[in-house]
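**Q** Quick one: this structure, given as structure tokens, is what I'll be asking you about.
The values are calculated or read from the model by the stated rules, or taken from the named source; none is laboratory data. Quantities reported herein were computed from a predicted structural model and do not represent experimental measurements. Cβ placement follows ideal geometry from the backbone for every residue including glycine, while neighbour counts extend to all protein chains displayed. Protein only, heavy atoms only, side chains kept; ligands, DNA and RNA dropped before computing areas. Shrake-Rupley method; radii C 1.70, N 1.55, O 1.52, S 1.80 Å.
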Amino acid sequence: MDSSNQNKPATKTMNKKQLKVWFLIPLLVFLGLMVMLYLRLGKPTDIVTNTALERPVPTFELPLLSDTTRVMSNSSLPKQPFLINIWGSWCPTCIIEHPFLMKLKDRGVNIVGVNYKDEIGNALSYLNERGDPYSMSIQDLSGQFALDLGLTGAPETFVVDSKGVIRQHIIGEVSEENWQSRIAPCLMLLNNKQGQELDAKSLKEACQ
Amino acid sequence: MTRINLPALLTKSIGLIIAALFSMSLFAAIDVYDFDSPQQEAQYRGLIEELRCPKCQNQNLAASDAPIAQDLKQKTYDLVKEGRSDSEIRDYMQERYGDFISYKPPVRPSTWILWFFPPLLLVVLIAGWFWRAHHRQNQAKLRTEQQTVEALTPSEQAELDRLLSPQNSAQRTENRTKDNS
């Protein structure tokens with residue numbers, strides 16, 4: 001009789017201890033969430049789709065904007081590292097970006113333009129008015145070439161190495177800021193290592 | 001006589017307006033694409049539901065009017081018309097836009113956690129639940145066993161009988177009255 005009376009309170013306190021542990025779990029989950037969310041504060045929320053990386057420039061056969069009777073293809077691309085810039089006269093951000101592209105031209109950066117879904121008259125007068133920063137512009141009326149590149153919207157810029165492999169994809173405008181922080185280091189590495197094998201680590205560091 | 005039947009005219013015009021509204025809403029719901037077969041249309045609709053607009057982050061192609069979404073819808077339509085299969089079209093998009101393009105990510109080591117964690121969690125939870133239920137049942141069984149084991153021994157039973165006997169209770173009341181006085 002006595003022994004059974006002692007047993008009951010003992011199991012009860014054990015249950016209480018177990019309950020306390022179970023109550024701690026939501027608290028721990030909550031703390032984990034807080035840490036996770038805190039670490040993400042102020043970080044960009046956009047998902048960047050730079051999937052054209054590490055691929056050769058897609059094959060294309062498109063007319064030259066300045067002389068549409070001439071058809072350009074992959075072999076017409078520069079043999080030195082260069083930029084591909086997708087633009088259109090209808091695209092407001094391209095207009096904002098344009099003066100900086102002119103600066104890059106003055107600094108000796110080779111930019112190939114892709115005139116994306118534009119009317120040729122508008123495109124040519126756009127270049128006449130604002131200057132032509134491109135070593136050449138090819139005409140992508142249907143937008144198929146841009147689609148093959150993985151374009152999400154103009155303007156976008158791709159950094160291509162001397163072998164014609166895409167190494168960097170910049171969504172949105174090119175400005176002094178991302179030029180200094182992202183594009184110039186990548187382009188410099190590609191220029192310095194022409195003809196040599198690029199090691200993955202330094203590439204990843206310079207061309208994120 | 002050129003009398004105008006006003007009620008008839010009214011109903012007619014109202015009918016016309018309703019018909020116009022209907023046809024307009026029908027136009028809004030249907031894209032301008034023509035398909036060779038209902039299967040092709042179903043394939044197209046399925047794909048634009050599944051594929052994500054790369055520009056707008058949280059919309060599928062069907063819901064988005066972004067220029068790139070329109071282009072990709074057009075491309076999907078072209079590929080469907082060419083008679084390509086679902087997986088061919090998915091591959092085409094994925095080659096250009098990566099895993100991000102699809103709301104249905106492919107199964108590969110880097111996405112295993114995405115695919116296998118929820119069912120695993122479910123299995124673990126169900127197993128835990130069963131274990132607890134089993135544990136509780138065992139405890140209950142143990143308790144009843146203890147109770148039967150600790151039934152009264154003959155001497156205890158005698159003691160109990162003695163305590164409960166009318167004589168005893170009479171004695172106790174006597175004692176109590178004594179205490180009170």
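**Q** On average, how many beta carbons from a partner chain sit within 10 Å of the beta carbon of a residue in A:143-154?
**A** 5
**Q** Taking θ as phi - 60°, what are the ³J(HN,Hα) couplings along segment A:103-111 by the Karplus curve (6.51, -1.76, 1.60), each to the nearest whole Hz, with x for Gly and Pro?
**A** Ordered by residue, 3J(HN,Hα) equals 4, 4, 4, 5, 7, x, 8, 7, 10 Hz.
**Q** Leaving out ligands and nucleic acids, and using a 1.4 Å probe, what accessible area per residue does chain A come to in Å²?
**A** On a per-residue basis, chain A sits at 59 Å².
**Q** Return the inverse of the average 1/r over all pairs of distinct C-alpha atoms in segment A:119-205, which is the Kirkwood hydrodynamic radius, in Å to one decimal.
**A** About 15.1 Å, per the Kirkwood formula over Cα pairs.
**Q** Okay, moving on. How much accessible area does residue B:108 have with a 1.4 Å probe, in Å² rounded to the nearest 10?
**A** Approximately 90 Å² for this residue.
**Q** Quick one: of A:79/A:201; A:20/B:141; A:103/A:163; A:43/A:117; A:79/A:103, which pairs are farther than 31 Å apart, Cα to Cα?
**A** From the list (A:79/A:201; A:20/B:141; A:103/A:163; A:43/A:117; A:79/A:103), the Cα-Cα distance tops 31 Å for A:43/A:117.
**Q** Let me ask you something else. How many square angstrom of accessible surface are buried between B and A, both sides summed, with a 1.4 Å probe and rounding to 100?
**A** Interface area, both chains combined: 1700 Å², rounded to the nearest 100.
**Q** Now, a different point. Taking θ as phi - 60°, what are the ³J(HN,Hα) couplings along segment A:180-187 by the Karplus curve (6.51, -1.76, 1.60), each to the nearest whole Hz, with x for Gly and Pro?
**A** Residue by residue, segment A:180-187 yields 5, 7, 10, 6, 4, x, 5, 5 Hz.
**Q** Determine the order of A:106, A:148, B:78 by accessible area, beginning with the largest, at a probe radius of 1.4 Å.
**A** Descending order: A:106, B:78, A:148.
**Q** Another question, then. Can you give the FRET efficiency to the nearest 0.05 for residue B:34 and residue A:71, using r as the Cβ-Cβ distance and R₀ = 35 Å?
**A** My answer for the efficiency is 0.65.
**Q** Name all residues of segment A:93-113 having a backbone nitrogen under 12 Å from the label point set 7 Å from the Cα of residue A:80 along its Cα→Cβ direction, giving them as ranges.
**A** Inside the label zone: A:107-111.
**Q** Another question about this same structure. Under the rule of at least 5 residues apart or a separate chain, name every residue whose amide H is placed under 5 Å from the amide H of residue A:55.
**A** A:166
**Q** I'd like the accessible area for residue A:66, computed on protein heavy atoms only with a 1.4 Å probe and all protein chains in place. Round to 10 Å², please.
**A** Estimated to the nearest 10 Å², residue A:66 gives 100 Å².
**Q** Short version: ³J(HN,Hα) in whole Hz for each residue of segment A:161-178, in order, from phi by Karplus 6.51 cos²θ - 1.76 cosθ + 1.60 (θ = phi - 60°), x for Gly and Pro, what are they?
**A** Whole-Hz 3J(HN,Hα) from phi for segment A:161-178: 8, 5, 8, x, 9, 6, 10, 8, 10, 10, 8, x, 6, 8, 9, 3, 5, 6.
**Q** If you wrap a convex hull around the alpha carbons of segment A:37-144, what volume per residue comes out, as a whole number of Å³?
**A** Convex hull of Cα atoms, per residue: 153 Å³.
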